[in-house]
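Please treat every number below as a calculation from the coordinates, not as lab data. All values reported here derive from a predicted model rather than from experimental measurement. All Cβ positions, even for glycine, are placed from backbone atoms using ideal geometry, and neighbour counts span all protein chains on display.
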Amino acid sequence: MHRAGYVLVGGRSSRMGRDKALLPFGGRTLVECVAQNVARAAGSVKLVGEKAKYGFLGLPVIEDRRPGCGPLSGIEAALADSSAALTLITACDMPSLNPDFLEWILTEAENSTAEVTWVKDEPLCGVYRPIARASATAALEQGRYKVSLAFATLNVRCLTPTDTSPLANANTPEEWASFGD
């Protein structure tokens, strides 16, 4: 398989006050909408989180291998699960992500020798090559959980899109309200 897609759903959602992934959006849950867009761009999608919590959605779910260690742990779990040359990984809290934007990131990664390609200032919307797994694992084992620093020894390409609206996060009830439904 050349491409694979994953959506991280294992966060605490502490600023939102409830699980962001399960917020109602477009007649479904937010994560279902994001997952559908990831699948359209990457050809497949799996969630990274608790099977007991998200299995009812009918999407494949893989467990976070190191719960409580933040999104880097989810990235590592996705890379451990993926057999693709390019693994697209996104957070679940970007309601405006769309297949065209994700396809653009994947195409930029395909046309690059970079080991990691992400959108500037948003490492939770990126494409990772298999080699990135070792860096994620090493950082986690050393207690370094910041995503942007975990891959500092790799060739990381930061893209600057002309339109950053697909990256808008919904982290608080106020931000969520701006997306409407």
Which of rounded, prolate, oblate describes the stretch 21-77, given a ≥ b ≥ c as roots of the alpha-carbon gyration tensor eigenvalues and a/c under 1.5 marking rounded, otherwise prolate only if a/b is larger than b/c?
prolate
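When a/c is below 1.5 the answer is rounded, else prolate if a/b is larger than b/c, else oblate, so apply that to the stretch 65-104 with a ≥ b ≥ c taken from the square roots of the Cα gyration tensor eigenvalues.
It comes out oblate by the Cα gyration axes.
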Centroid-to-centroid separation of the stretch 118-181 and the stretch 1-20 [C-alpha atoms, Å]
12 Å
How would F56, F151, F25, F179 line up from fewest to most surrounding beta-carbon atoms within 10 angstrom?
F56, F179, F25, F151
Using per-residue counts of other Cβ atoms within 10 Å, averaged over each peptide, order 153-161, 65-73 from highest down.
65-73, 153-161
Rounded to the nearest 0.05, what FRET efficiency is calculated for L154 and R12 with R0 set to 25 Å and r the Cβ-Cβ distance?
0.35
Considering the convex hull of the alpha carbon atoms of the stretch 3-177, report its projected area averaged over all viewing directions, in nm², one decimal.
9.3 nm²
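What list do you get for I62, I75 if you sort them by fewest beta carbons within 10 Å?
I62, I75
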Counted charge near G17, where neighbours are those whose Cβ lies closer than 14 Å (Asp, Glu -1; Lys, Arg +1)
0
